[in-house]
Amino acid sequence: MGLAQILEVGRRALLTQQLTLNTIGHNIANVDTPGYTRQRVGLSSTDPLKTILGAVGTGVQVSDIRHIRDLFLGTQWREENKSLGKWTYREKILGQIETMFNEPSDDSLRGHMDNFWNSWSQLANAPESSTNRNDLISKASILVSEFHQLSNQLNALKDSVDRDLTIRVQDINRLTSGVASLNTEISRTELGGSSANDLRDRRDLLIDELSTLVDVNVVEEAGGAARVYIGSMTLVDRNISYKIGTDTKIVNGSSLSELVLQGSPVVIKNINGELRGLVETRDKVIPSYLSRLDELAQTIATQVNAVHRAGFGLASAGLTTAPTGNDFFNSTSISAATISINLAVLNDPTLIAASQSGEPGDASNALAMTALRDGRLMNNNSISFSDFYGSLVGDVGIAAQEANRLRSNFELVVQQIDNARQSVQGVSLDEEMTNLIRAQRAYEAAARVITTVDQAYDTIINGMGIVGR
C-alpha cells in the first residue's frame, strides 16, 4: 500500500467522523423536540485491498444512519394510551356532572326536596295560614326550578359533548392527512436507499397523537409508507387519507352526530380512545342520569297529585267546602324538564288541599302529603324519594371515582412504558457528550494521519535526492 492509499484511509476516517459529529450535534439540538428519536451512525470497514502479502484494510465507511426505536414498546404505548384517552375524557365529564348536583349542599335538589316536604309539615300545623300556603308555593317553585336547571345542564352537557365529537373528527382528519403527506415524503426520500429518520419521527408523533383519540393499528410497507386502520377500516393508505365525517341522527327527539366514513353511509363503530369515552358519555352515561332524574320528578308529581286530588282546599266565599280534584302539579308530560305547578293552585294558594274533610282545622291531607317523604314509592316501591336521589348522586360519585382511578392507573402505565421507550430512543445528554468526545478524538486522529502522510510526501519530494548538493 502506498502513501496515496494511506491518505485515502485518513480522508475516509475524517469524513466519517465529521458525519458522526454532525449526527451527535443533531441529537443534542433535538433533546427537547417532541417525538424525536436519537440517531446513530452505523460504521463498517471498507473492502480490503488484496496484495501478495494478504488483505490490507482500506479504512471506514458509513453503512447507515438509523434512529433507535423499540417497535414493541411503541405499539404497547399506543395500546395503553387509547385507554388513557377514554378515561381522561370520561373523568372530565363526570366531574362536571358532580358539580351540577352540588352535593352535599343546602342549595341542591336534595335540600330543595327537604324544604318542599317541610313546608307541607308546617302547613299541617296551621292549615288555614296564608303564610304557610305561600311558603309552600315558594318552596315548590324552587324545587321545580331545580329540576329544570339540572335537566337543562345535563342536556347542555350532552350537546357540548356532541360538539366535541365534531372537533375530534376534525383533529383525526388533520392527523391522518399529515400521515399520508409524510408517507409520500418518506417514500420519495428512501427511494434511493436513504433513511428519512426525521420524517419518520414526525409521522410516528402524529400516529401517537391519533392513538389518544381512536384505536389505531399501523402496518408499515416495504417502501416506507404506513397503512393506518381503525379496526379493519382503512384511515390511511400510503399517500391517501380517508376522512371521517358526521351524520345527524335523531334519538329521543334530540339530534346527535354519528361517525361515518365521509361521503358514505358507512357507520364507524369500532372505536376506542377519547372518541369512545366521548360517545359512551353522550349516549349512555348522561342519558341514564337524565332518565333517573325524570323518573324522580314524574313519581313525585304523580304521588303528590294523587293525594292532592282527594283533599279539600280552603272554603271559598259562598261555599261550605272547598272544591276537590285539583292537581298540585300539572299532570301532562311530566319530566325533570317539564314539571310545573298547576297554574290554578299557583295563582290561588287557597286551593292547596290540606284537608281530607273540608272542615276548618283539618290538616290530615297535609299530613298524608308529608308521609310521602319517607314512603317507599320508587324502584318498585322499595325505596323513598330521598334514597332514590341519594343512589343517583352516589352512582355519579362512584363513576367519577372509578374514572379518576382508571385514568390514574393508565396514566401511570403509559408513563412507565414511555420511560422505558425513552431509555431506548430518547436523547441522553451525558451519553451524547461521551460520544462527542470520542468522535472528536477520532476526528483529530484521522487528521493526524493525513498530516503524517503530508509530511511523508514532503520528505519524498523535497528531501530525497539532494545529498551532496
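Could you list 19, 182, 372, 154 in order of exposure, starting from the residue whose Cβ has the fewest other Cβ atoms within 10 Å?
So the ranking, lowest neighbour count to highest, is 19, 372, 154, 182.
Would you calculate the separation in nanometres between label points at residue 374 and residue 18, each defined as 7 Å from the Cα along the Cα-to-beta-carbon direction?
The two pseudo-label positions are separated by 9.4 nm.
Output the 0 to 90 degree angle, nearest 10, between the alpha-carbon long axis of helix 130-189 and the longest principal axis computed from the alpha carbons of the chain.
20 degrees
Set the Förster radius R0 to 56 Å, insert the Cβ-Cβ distance between residue 46 and residue 166 as r into 1/(1 + (r/R0)^6), and round the FRET efficiency to 0.05.
The value I calculate is 0.45.
Is any residue of the range 149-175 close enough, with backbone N under 20 Å, to a label point placed 7 angstrom from the Cα of residue 260 along the Cα-Cβ axis, and if so, which?
Residues 162-174 fall inside that zone.
Quick check on the exposure proxy: order 86, 158, 243 from fewest to most C-beta atoms within 10 angstrom.
Ascending number of Cβ neighbours within 10 Å: 243, 158, 86.
For residue 29 paired with residue 249, estimate the spin-label separation in nm (one decimal), with each label point 7 Å from Cα along the Cα-to-Cβ line.
It works out to 5.1 nm between the two label points.
Here are some values of Kirkwood radius over Cα pairs in Å: (1) 22.4; (2) 25.6; (3) 29.1. Which one was computed from this structure?
(3)
For the chain, with the dipole built from +1 on Lys and Arg beta-carbon atoms and -1 on Asp and Glu ones, taken about the Cα centre, which of 121, 305, 22 lies farthest toward the positive end?
Of the candidates, 22 comes out farthest on the positive side.
Using only Cα atoms and rounding to the nearest 10 degrees, what angle (0 to 90) does helix 385-425 make with the longest principal axis of the chain?
That works out to roughly 0 degrees.
Tally Lys/Arg at +1 and Asp/Glu at -1 over every other residue whose Cβ is under 15 Å from the Cβ of residue 353; what's the total?
Taking every Cβ under 15 Å from that of residue 353, the sum is -3.
Between residue 448 and residue 239, what's the calculated FRET efficiency when r is the beta-carbon distance and R0 is 45 Å? Round to 0.05.
Result of the calculation: an efficiency of 0.35.
Kindly put 407, 40 in sequence by how many other C-beta atoms sit within 10 Å of each C-beta, fewest to most.
Result, fewest neighbours first: 40, 407.
Run the simple label-point estimate for residue 76 and residue 63 please: 7 Å along Cα→C-beta, distance reported in nm.
In this crude spin-label approximation the distance works out to 2.7 nm.
Over its Cα atoms, what ratio of radius of gyration to 2.2 N^0.38 Å does the range 331-388 give?
Normalised Rg, Cα atoms only: 1.39.
Report the net charge of residues surrounding residue 41, where surrounding means a beta-carbon distance below 15 angstrom and charges are Lys +1, Arg +1, Asp -1, Glu -1.
Summing Lys/Arg as +1 and Asp/Glu as -1 gives +1.
Run the count for the range 75-415, please: Lys pairs, Cα-Cα under 18 angstrom, 8 or more apart or on different chains.
Here the count comes out as 13.
Could you work out the helix-only [θ] at 222 nm for the chain, with each DSSP H run of four or more residues adding -39,500 (n - 2.57) and the total divided by the number of residues, to the nearest 500 deg cm²/dmol?
-20000 deg cm²/dmol
Quote the charge dipole size of the range 75-415 about the Cα centre in Debye, to the nearest 20; the model charges only the Cβ of Lys and Arg (+1) and of Asp and Glu (-1).
Around 620 debye, computed over the range 75-415.
Each reported figure results from applying straightforward, stated rules to the coordinates on display, with no laboratory input. The structure presented is a predicted model; accordingly, all values stated were derived computationally and were not measured. We place every Cβ from the backbone using ideal geometry, glycine too, and count neighbours over all the protein chains shown.
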